[in-house]
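Computed from the coordinates by the stated procedures, all read-outs in this text should not be read as laboratory data. Computed from a predicted model, the values in this text were never measured in an experiment. Because the Cβ atoms are built from the backbone with ideal geometry, glycine has one as well, and the counts that use them run over all protein chains shown.
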Amino acid sequence: MAEELFRKSFSILSCNFDKAGENTTEIKALLKSLDFNPDIIRRVVVVAFEAEMNVVMYANRGRMDFVITDEEIRIDITDEGPGIPDIKQAMQEGYSTATDEMREMGFGFGMGLPNIKKHSDFLEIKSDVGKGTTVMAGIRLVPDA
Ligand SMILES: Nc1ncnc2c1ncn2[C@@H]1O[C@H](COP(=O)(O)OP(=O)(O)O)[C@@H](O)[C@H]1O
Ligand SMILES: [Mg+2]
């Protein structure tokens, strides 16, 4: 059984582009202060930022549970929002329903979910259309047993 070493929950507000990424910045600083390997930190940052941005861009509100155990780092994000009707399609590189306004701000390249997949060791996405989405991602800290 993995031992939980650290846990923090963050709330994420929809459309909060100004503050978007602050939670990820806090997580990055924490991992640096704990002397995590830079490659692990980079992967966690990509996963947390992209998942957080998707709540900011597409959902009404959400929360991120950030957990460090002796075996892995987990980033679980749950939102209340429209949900994702076709997860397989959403996972494809370049697929995006971002508005022109979001694209002008530099978001909406359709690489968020593919990059979450690429940078995590496991990923589970569940979505209920009209209710919301849960993204559970993990990065392993120890080699497979
Ligand atoms: N939390 C979410 N709630 C609703 N739809 C989402 C959510 N996350 C992703 N999506 C949908 O999946 C698409 C692809 O997401 P992503 O790969 O992050 O690309 P991008 O954010 O650049 O559009 C989004 O354009 C959106 O339609
Ligand atoms: Mg995205």
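Comparing mean-square fluctuations of ARG63, ARG74, ARG103 from a GNM of the chain with C-alpha springs under 10 Å, the top value falls on ARG103. Annotation for GLU22 and PHE109: the two label points, set 7 Å from Cα along the Cα-Cβ direction, are 2.6 nm apart. Averaging the sequence gap over all C-alpha pairs within less than 8 Å and six or more residues apart, then dividing by the number of residues, gives segment 4-140 a relative contact order of 27 percent. Report, to the nearest 10°, how far helix 22-33 tilts away from the longest principal axis of the Cα atoms in the chain, using its own Cα long axis and a range of 0 to 90°. Relative to the chain, helix 22-33 is tipped by roughly 20 degrees. Both numbers refer to the Cα atoms of the chain; Rg and Dmax are 14.8, 46 Å. Each Lys and Arg adds +1 at its Cβ and each Asp and Glu adds -1 at its Cβ; summed about the Cα centre, the chain shows a dipole of about 120 debye. The long axis of helix 38-58 is offset from the longest Cα principal axis of the chain by roughly 30 degrees. Helical runs (DSSP H, four residues minimum) scored at -39500 (n - 2.57) apiece and divided by the length of the chain put the mean residue ellipticity at 222 nm at -10000 deg cm²/dmol. If you run the Gaussian network model on the chain, springs between alpha carbon atoms under 10 Å, then out of THR97, THR24, THR133 the most flexible one is THR97. Between the residues SER33, MET1, PRO143, the greatest Cα displacement towards the positive end of the dipole of the chain, with unit charges on the Cβ of Lys, Arg, Asp and Glu, is found for SER33.
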